[in-house]
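Asks: So that we are looking at the same thing, I have put the structure below in structure tokens.
No lab work stands behind these numbers, since they all come straight from the coordinates. All values reported here derive from a predicted model rather than from experimental measurement. Cβ coordinates were reconstructed from backbone atoms using ideal geometry, including for glycine residues, and neighbour counts include every protein chain displayed.
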Ligand code: GTP
Ligand code: MG
């Protein structure tokens, strides 16, 4: 029943629901391409150094329901043109082991000539007010369709295991208790983020010491 109501909402928003579904295919392909590139970078480094900087890669495509919600929230038209204003329909999260891996992986990815950087937000050197840390890239990837080449945006979030741990828990706490998280809790969460950032720095130094020893 709920599914039916949601589908009706989508059908009202996008006159041609089938067209909306068809529009999702290039985002899926773009996600596969970026994921394959990241896996290849990791593989190359692993073969060279027996060290794999990427701990985990996750990907997701925004559901049609979330797309409609976001278009409404941002005041964009619920049309194909409105969808083109969203950069995060395709999203990839890259969780790295150490903090220096983040810049290295992003530099190697941007060496690929078919990848075009659209936006870079460095929430590691400049954390968000909440304490959130990650490096965000929006890149465009060419996708070959039967009607020609289209350029598809993908949002890539790169972070350490510690940053991912914090972001997941903070999201969990806010998501479930949006109206009851008070100012003091936000302050405590920010402190946790700062402690985790210190741990990331320490872990990087330990890795470096060990690496120098074994060289
Ligand atoms: P949106 O339109 O909301 O996507 O804003 P934006 O394009 O400026 O995106 P932004 O750079 O703020 O990053 C958005 C994404 O980063 C979110 O969907 C989350 O995954 C993540 N993010 C940003 N801020 C926070 C935060 O304070 N806590 C957590 N847990 N995640 C965050
Ligand atoms: Mg976003």
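Asks: Let me make sure I get this right: for region 2-161, a, b and c are the square roots of the gyration tensor eigenvalues over alpha carbons, sorted descending. Under 1.5 in a/c it's rounded, otherwise prolate if a/b > b/c, else oblate. Which is it?
Replies: Here region 2-161 falls in the prolate category.
Asks: Same structure, new question: Once you order the gyration tensor axes a ≥ b ≥ c over the Cα atoms, which shape class does region 122-215 get: rounded for a/c under 1.5, otherwise prolate or oblate by comparing a/b with b/c?
Replies: Verdict is oblate for region 122-215.
Asks: Another question, then. Given only helices, namely DSSP H runs of n ≥ 4 each adding -39500 (n - 2.57), what is the per-residue ellipticity at 222 nm of the chain, to the nearest 500 deg cm²/dmol?
Replies: For the chain, the value works out to -18000 deg cm²/dmol.
Asks: Mean-square fluctuation check for the chain, GNM, Cα pairs under 10 Å: which of 105, 115, 150 is largest?
Replies: Comparing 105, 115, 150 in a Gaussian network model of the chain, the most mobile one is 150.
Asks: Can I ask one more? Would you order 192, 182, 96 from fewest to most other beta-carbon atoms within 10 Å of each residue's own beta-carbon?
Replies: Listed from fewest to most nearby Cβ atoms, that is 182, 192, 96.
Asks: Treating the angle as unsigned and between 0 and 90°, give the value, to the nearest 10°, between the Cα long axis of helix 64-74 and the longest Cα principal axis of the chain.
Replies: Helix 64-74 sits at roughly 90 degrees to that axis.
Asks: Compute the angle between helix 25-49 and the longest alpha-carbon principal axis of the chain, please, reported from 0 to 90 degrees and rounded to the nearest 10.
Replies: The two axes meet at around 10 degrees.
Asks: Using a 10 angstrom cutoff on alpha carbons, build the Gaussian network for the chain and name the most mobile of 103, 19, 58.
Replies: Per the Cα network of the chain with a 10 Å cutoff, 19 tops the list.
Asks: Okay, next question. Relative to the longest principal axis of the chain, what angle (0 to 90°, nearest 10) does the C-alpha long axis of helix 2-13 take?
Replies: Once rounded, one gets 70 degrees.
Asks: Counting other C-beta atoms within 10 Å, which of 147, 200, 43 has the fewest, and how do the rest follow?
Replies: 147, 43, 200
Asks: Right, another one. What is the antiparallel percent of DSSP beta bridges lying wholly in the chain, to the nearest 5?
Replies: Around 80 percent of the beta bridges assigned by DSSP in the chain are antiparallel ones.
Asks: Moving to a separate point now. In a Gaussian network model over the chain where Cα atoms closer than 10 Å are linked, find which of 36, 197, 162 has the largest mean-square fluctuation.
Replies: 36
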